Amino acid sequence: MFKSFLTRKTATSVARVALSITERKPLHLRSIHIERRIEELNIELPTAPLPKANYNIVCISGDTLYVSGHLPIKIQGDGTLITGALGPDDGGMTVEAGNEAARHCGLNIVSTLKEQLGDLDRVEQVIKVCTTQVFGIVNSHTSFKHQHLVMDGCSDLIMEIFGKPIGYHARSAIGVNTLPLNAAVEVEAIVKIKPE
């Protein structure tokens, strides 16, 4: 009796799994809405960046993807890193230049998501956009007080691409006196993902 119940239960489970596999559309046949939106917005994604030291570019735990800090590497030209401290009163970068740097960080994060997930429609929710551990970090002179406006460059891009509610995220922004490689901004993200 017990053996026949297990056999019946196992057969049912195997049939259910086989059905779900056959119902799944191959990646190239799925309706890819986010990537279509990127094309419609004329947004060019860079090649996904590689880690700059000894760490993973992403870590997955269950349905959560933790994206390591991404730097502002320009797409156009030779892929240079946007460097320097924010604070025009002290001879540093302007808010607008920092905003552009944060946007480049966002583009690099989206490229990493695409490479790691294969399909950007697997992004269920951008939970938090942040940098180095918990915050959006901006390389700043002491007098600079507009880190939140700089980080809008990344937040605006995420909202442009993913829209509400998927792209609407929590965020923090702080200023520090230096970042790795003298980068102007560093951004990481936490993303809830759908199963394949």
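Tabulated data for the structure shown
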| item | result |
| --- | --- |
| Looking only at region 144-170, and only at residues there that are touching a helix residue (DSSP H, G or I) at 6+ places or on another chain (Cβ under 6 Å) and open to solvent by 60 Å² or more (accessible area, probe 1.4 Å), the one that is nearest to Val187 (Cα to Cα) | Leu149 |
| Residue match in region 7-26 (condition: touching a helix residue (DSSP H, G or I) at 6+ places or on another chain (Cβ under 8 Å) and either open to solvent by less than 90 Å² (accessible area, probe 1.4 Å) or modelled with pLDDT of 95 or more (or both)) | no |
| Subset of region 49-91 (residues that are aliphatic (A, V, I, L, M), under 20 Å from the mean Cα position of the chain (by Cα) and assigned to a loop (DSSP other than H, G, I, E, B)) | Leu50, Ala53, Ile57, Leu71, Ile75, Ile82 |
| Region 49-76 residues that are touching a residue at least 12 places away in the same chain (Cβ under 8 Å) and under 22 Å from Asn182 (Cβ atoms), paired with ones that are assigned to a strand (DSSP E or B) and polar (S, T, N, Q) (beta carbon under 6 Å, 6 or more apart) | Tyr55/Ser68; Ile57/Ser68; Gly69/Thr131 |
| Residue among Lys128, Lys145 that alone is at pLDDT 90 or above and among the charged types (D, E, K, R) | Lys145 |
| Number of the exception - Thr94 against (1) open to solvent by 10 Å² or more (accessible area, probe 1.4 Å); (2) touching a helix residue (DSSP H, G or I) at 6+ places or on another chain (Cβ under 9 Å); (3) touching a residue at least 40 places away in the same chain (Cβ under 8 Å); (4) of a type in the set (S, T, N, Q) | (3) |
| Tally of residues being farther than 27 Å from Ile190 by Cβ and touching a Gly at 6+ places or on another chain (Cβ under 8 Å) across region 59-92 | 2 |
| Index of the failed condition, Ile75 passing every other in (1) more than 30 Å from Gly62 (Cα to Cα); (2) at pLDDT below 95; (3) surrounded by 15 or more Cβ atoms within 10 Å (Cβ to Cβ); (4) among the hydrophobic types (A, V, I, L, M, F, W, C) | (3) |
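One line per residue, one yes/no per condition, for (1) open to solvent by 30 Å² or more (accessible area, probe 1.4 Å); (2) touching a residue at least 40 places away in the same chain (Cβ under 8 Å); (3) over 24 Å from Tyr168 (Cβ atoms); (4) of a type outside the set (Val, Ile, Thr):
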{"position": "Gly84", "(1), (2), (3), (4)": "no, yes, yes, yes"}
{"position": "Ala101", "(1), (2), (3), (4)": "no, yes, no, yes"}
{"position": "Gly106", "(1), (2), (3), (4)": "no, yes, no, yes"}
{"position": "Ile109", "(1), (2), (3), (4)": "no, yes, no, no"}
{"position": "Leu113", "(1), (2), (3), (4)": "no, yes, no, yes"}
{"position": "Leu120", "(1), (2), (3), (4)": "no, yes, no, yes"}
{"position": "Val126", "(1), (2), (3), (4)": "no, yes, no, no"}
{"position": "Val129", "(1), (2), (3), (4)": "no, yes, no, no"}
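The values are calculated or read from the model by the stated rules, or taken from the named source; none is laboratory data. Predicted model only: the values in this text are computed from it and were never measured. Note: ideal-geometry Cβ built from the backbone for every residue, glycine included; neighbour counts use all protein chains shown. Side chains included, ligands, DNA and RNA excluded: accessible areas come from the protein's heavy atoms. Shrake-Rupley method; radii C 1.70, N 1.55, O 1.52, S 1.80 Å.
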